[in-house]
Structures are given as structure tokens and as C-alpha cells.
Amino acid sequence: MTGLRFVPPQDAVPTEALLRFCETERQRECVQAVIDIGSITHAARHLNTDDRSFRRMLAQIRARAAAQGHAPEYGMTEQVPDGFKLKGRSVLRKLDPVTGQRVEVLSWDKSSADDERRAEMLREAFAALSEEVPRVASIAPPASTNEALCNLFTLTDSHVGMLAWRKEGGADWDMQIAEDTLVGCFEQMVERSPCADTCVVNQLGDFLHYDGLLPVTPGHGHVLDADGRFSKMVRTAIRILRRVIDLALSRHKTVFVVMAEGNHDLASSVWLRIMFGALYENEPRVKVIDSELPYYVHVHGETMLAFHHGHLKKNDGLPLLFAAQYPREWGATTKRYAHTGHRHHEEIKEHSGMKVTQHSTLAARDAYAARGGWHSDRQATAYTYHSRWGQVGSVTVSPEMVA
């Protein structure tokens, strides 16, 4: 057997061990029926199921089991650990001089990490951890706001935990500078924007510079310039985000929160989303947008706001993607705006049916960006949207304003 391709004998009756690999109650019912009755055909008839569909379901369950090393019909009974999948099996055989048959002398299984299952395990772990997070108490809303307006405050590519040196990139950046700059600029955006009824705190990805104990990119393992330990970076990130959400609550009746996936913080975006959903569970004025896909939408009257970090889809492909992903929201709105980051510089372009804004970053350049010759103005822009008329205002801030 190689890879995940597995074709069991057509009429092989499964054992009870196969029940461990069923994902639904219906699958368990079907496998148990075959075990009890002893015939696939009769079990399908007993459950009033088409024979071909029934066999196809069994084949899918067997393939899932085989991917984890369980295929007794072929002599495979050693299951790989959860979070891994069977990549292949090697068998050493020799000719028996007495019988003339080739007999198995030695076999070994080759496994690899199952990224999909590991991501699922991370989500389960984060959900369990969030049950112990102390909830934030509800605070009083502002007295007067404009119901027609929605402010959008974007922080993208903040790279908390990055270390930058002014002699290389023109400015210093570490965790303390990041905290002072991000909170200071956010406070400026909130104070200078109109008193809108709602706002979106748009954390648009790459908030953390790296995604685990090692300072490397999660996708390709590129070594990064890091300031301090991972736990220190996590504490700083949480402190910044709590501060900016509280600032937004002080000026708006309802605060929607986007915790977008970035290419630097693939896993961390999951625990950030789950943890802040739990943290503000007792604050009805905070609503964390929960999406397993890295594409997020908020609808304000006839205005649609869409968000994606930019690491998976280019800007010109976003209008069609959001139209297909969110057809009801697209059809119910007349003004549509997509917001993206990832490339660290500003770009605004109108497409058919949607304007796409690529945001700049407030973070300084690290050695990689400086040596690569990439340069852009460091700034953050808050946009104000009307429920009928779309974009009606903007406020731009820079690190120099809070230095």
C-alpha cells in the first residue's frame, strides 16, 4: 500500500475496530449492522439503503482507517497516533525454499503529520482553554451615537514580537514600541472619528510575528528576527487587543471584532478568535466574527464590508470570491468594500461591484524587508461608512503622531 489509496475486498465484513473511525452516528449504525448481520448486501437491505451508496460509505470509512494504519484485510493493525496519517508501508519478503512462496520477513509503516487533523486538535484545545478565561464585565455604552454610521478601525501586519533596528530599516520595533504605537494610533483613530453607533475592530492578520515557540514562518520555516519569548509576545498581543477593544467600546454602542488569519499567525488567529469570544462573552456589545475560513464579512445596512489578509487571494480576485462566498450579503447591499493587507503598502482600486483597499502597516521594516528594498509610508486609516451611502469619511494616523 502507498499513499492513501486503499481498495478493500468488496465483501469483506468489517470488525468492531472499524467503529473507531466512524464520524457520524449513521456511519456507526451502518458498520454495526454489517457486523451483526455478516453481509454487506443484507445489511444495506435491512437499513433500506441503496447497495452502491452503502458500499461507498464503507469504503470511505475503511480509507479513513487505512490512512491511520488500520487495514486488517492487508495485515495492517498498528494505528498511527492522532495528528498523524499513514504515508506508506514497506514490506521485505523472501522466497521460502520449502514452499516456494514469498513470505513477509519485515514490514514498517511511514507516517507524516496530518495538518488538517492537527488544526482540528488546535481548535479543540483552544476552545477548552477558553472555558477558563475570566470574562470581562459589561460596561455602560456611550450616551449618544449616530445610528447610520459605522467606523472601521484596521490594524494589519502589526508583527508584535518582531525586532527591527533603525540602522537597517530606518526605525526600531520591539514589543514595547509595538504596544505604544498600536494603542496610541488606535486611540487617535477613535478620537478623531465621528460618534458612530457601531464599529469594526479589524485586526487583519499577521498581528503576531511568529506562530509558536520557534521564531520561524509557519509555512516555509524562514527564520525571523524576534524580540523575546513566545509567551511574552502572547501576553503583549492580548494586552494590546483588550485595550483597543475597550477604547472602541467607550465610543460605540456595538463593537464587531475581526481576528483575521495571516500567514505569520495561522494557528494564533484561531486562539485569538476563540479566546476573545470567550473573554467578552458577558459583554453583549462585543461580537467576535467567527469564521473558520479566512474570509470575513460585516453588513451595515446597504453597505457590505469584507475582509481578507491577502495571503491566499490577490486583490483583483476578491470581488468575485466574496460574491460567491456570501451571495445573500452581496445581493442585499449596494455599496461594497473589501479590506486587505499582507503587502505592507496602501493601494486602493475600484473593481466591478466592489472597491478594494489594501492597508499599510504601522510596523517598522525588519532586516528582510529593508534588504529587499521594500518601502512604504507607515500609517493606519480609519474609514466611516453610512448605512445607505457607503464611505463618507476617513482618518489617517502615523507613528509620528504618538511618538
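I need the full set of residues from the range 1-14 which are modelled with pLDDT of 55 or more and among the aliphatic types (A, V, I, L, M), in order please.
Residues satisfying the conditions are Ala12, Val13.
Taking the options Cys195, Cys199, name whichever one is surrounded by 19 or more Cβ atoms within 10 Å (Cβ to Cβ) and not polar (S, T, N, Q).
Numbers: Cys195 fails: surrounded by 19 or more Cβ atoms within 10 Å (Cβ to Cβ).
Result: Cys199 is the single residue among Cys195, Cys199 that is surrounded by 19 or more Cβ atoms within 10 Å (Cβ to Cβ) and not polar (S, T, N, Q).
Answer with yes or no whether Ser376 is out of contact with any Pro (no Cβ under 9 Å at 6 or more places or on another chain) and either farther than 28 Å from Asp225 by Cβ or touching a residue at least 60 places away in the same chain (Cβ under 8 Å) (or both). Break it down into steps so the answer makes sense when it comes.
Working: out of contact with any Pro (no Cβ under 9 Å at 6 or more places or on another chain): yes; either farther than 28 Å from Asp225 by Cβ or touching a residue at least 60 places away in the same chain (Cβ under 8 Å) (or both): no.
It is false that Ser376 is out of contact with any Pro (no Cβ under 9 Å at 6 or more places or on another chain) and either farther than 28 Å from Asp225 by Cβ or touching a residue at least 60 places away in the same chain (Cβ under 8 Å) (or both).
Answer yes or no as to whether Arg388 is charged (D, E, K, R), surrounded by fewer than 18 Cβ atoms within 10 Å (Cβ to Cβ), closer than 26 Å to Asn146 by Cβ and modelled with pLDDT of 95 or more. If you could, list the steps in order and put the result at the bottom.
Working: charged (D, E, K, R): yes; surrounded by fewer than 18 Cβ atoms within 10 Å (Cβ to Cβ): yes; closer than 26 Å to Asn146 by Cβ: yes; modelled with pLDDT of 95 or more: yes.
Yes; evaluated as a whole, the condition is true for this residue.
Just the residues that are over 18 Å from the mean Cα position of the chain (by Cα), farther than 16 Å from Asp180 by Cβ and not charged (D, E, K, R), please, taken from the range 217-231.
Step one: filter the range 217-231 for residues over 18 Å from the mean Cα position of the chain (by Cα), giving 221-231.
Imposing the further condition that a residue be farther than 16 Å from Asp180 by Cβ reduces the set to 221-226, 229-231.
Of everything in the range 217-231, those that are over 18 Å from the mean Cα position of the chain (by Cα), farther than 16 Å from Asp180 by Cβ and not charged (D, E, K, R) turn out to be Gly221, His222, Val223, Leu224, Ala226, Phe230, Ser231.
If I ask for residues that are aromatic (Phe, Trp, Tyr) and in contact with a His (Cβ under 9 Å, 6 or more places away or on another chain), which ones from the range 357-403 would you list?
Keep residues of the range 357-403 that are aromatic (Phe, Trp, Tyr), which gives 368, 374, 383, 385, 389.
Passing the criteria: Tyr368, Trp374, Tyr383, Tyr385.
Can you pull out every residue in the range 133-190 that is crowded, with 20+ Cβ neighbours inside 10 Å, among the aromatic types (Phe, Trp, Tyr) and not in a helix (DSSP H, G or I)?
The answer is Phe153, Trp173.
Which pairs do you get when a residue that is surrounded by fewer than 16 Cβ atoms within 10 Å (Cβ to Cβ), found in the range 23-51, comes within reach of a residue that is in a loop (DSSP other than H, G, I, E, B) and of a type in the set (Val, Ile, Thr), reach meaning Cβ atoms under 8 angstrom, with the pair 6+ apart or on two chains?
Every condition considered, the pairs that remain are Ile35/Val13; Ile35/Thr15; Gly38/Val13; Ser39/Val13.
Per-residue answers, yes or no, for (1) at pLDDT 95 or above; (2) within 17 Å of the chain's Cα centre (by Cα):
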| site | (1), (2) |
| --- | --- |
| Met233 | no, no |
| Arg239 | no, no |
| Ala248 | yes, no |
| Ala260 | yes, yes |
| Asn263 | yes, yes |
| Val286 | yes, no |
| Glu302 | yes, no |
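Restricting attention to the range 15-52, report how many residues are in a helix (DSSP H, G or I), at pLDDT below 85 and of a type outside the set (A, V, I, L, M).
So the answer is 3.
Among the residues of the range 348-367, which ones are surrounded by fewer than 20 Cβ atoms within 10 Å (Cβ to Cβ) and without any contact (Cβ under 8 Å) to a residue 40 or more places away in the chain?
Result: Ile348, Lys349, Glu350, His351, Ser352, Gly353, Lys355.
One residue is enough: does the range 210-218 have a residue meeting the conditions among the hydroxyl-bearing types (Ser, Thr, Tyr) and either at positive phi or not in a helix (DSSP H, G or I) (or both)? Steps first, please.
Step one: of the range 210-218, the residues among the hydroxyl-bearing types (Ser, Thr, Tyr) are 210, 217.
Applying the additional criterion that residues be either at positive phi or not in a helix (DSSP H, G or I) (or both) yields 210, 217.
Yes, some residue in the range 210-218 is among the hydroxyl-bearing types (Ser, Thr, Tyr) and either at positive phi or not in a helix (DSSP H, G or I) (or both).
Keeping to the range 225-237, report how many residues are assigned to a helix (DSSP H, G or I) and surrounded by 15 or more Cβ atoms within 10 Å (Cβ to Cβ). Give the steps one after another, and end with the answer.
At the first step, the residues of the range 225-237 found to be assigned to a helix (DSSP H, G or I) are 230-237.
Next cut, surrounded by 15 or more Cβ atoms within 10 Å (Cβ to Cβ) only: 230, 233-234, 236-237.
Adding up the residues that qualify gives 5.
For the range 347-402, name all the residues that are out of contact with any helix residue (DSSP H, G or I) (no Cβ under 7 Å at 6 or more places or on another chain) and β-branched (Val, Ile, Thr).
Ile348, Thr357, Thr361, Thr381, Thr384, Val392, Thr396
The values are calculated or read from the model by the stated rules, or taken from the named source; none is laboratory data. As the structure is a prediction and not an experimental result, all values here were calculated from the model. We place every Cβ from the backbone using ideal geometry, glycine too, and count neighbours over all the protein chains shown.
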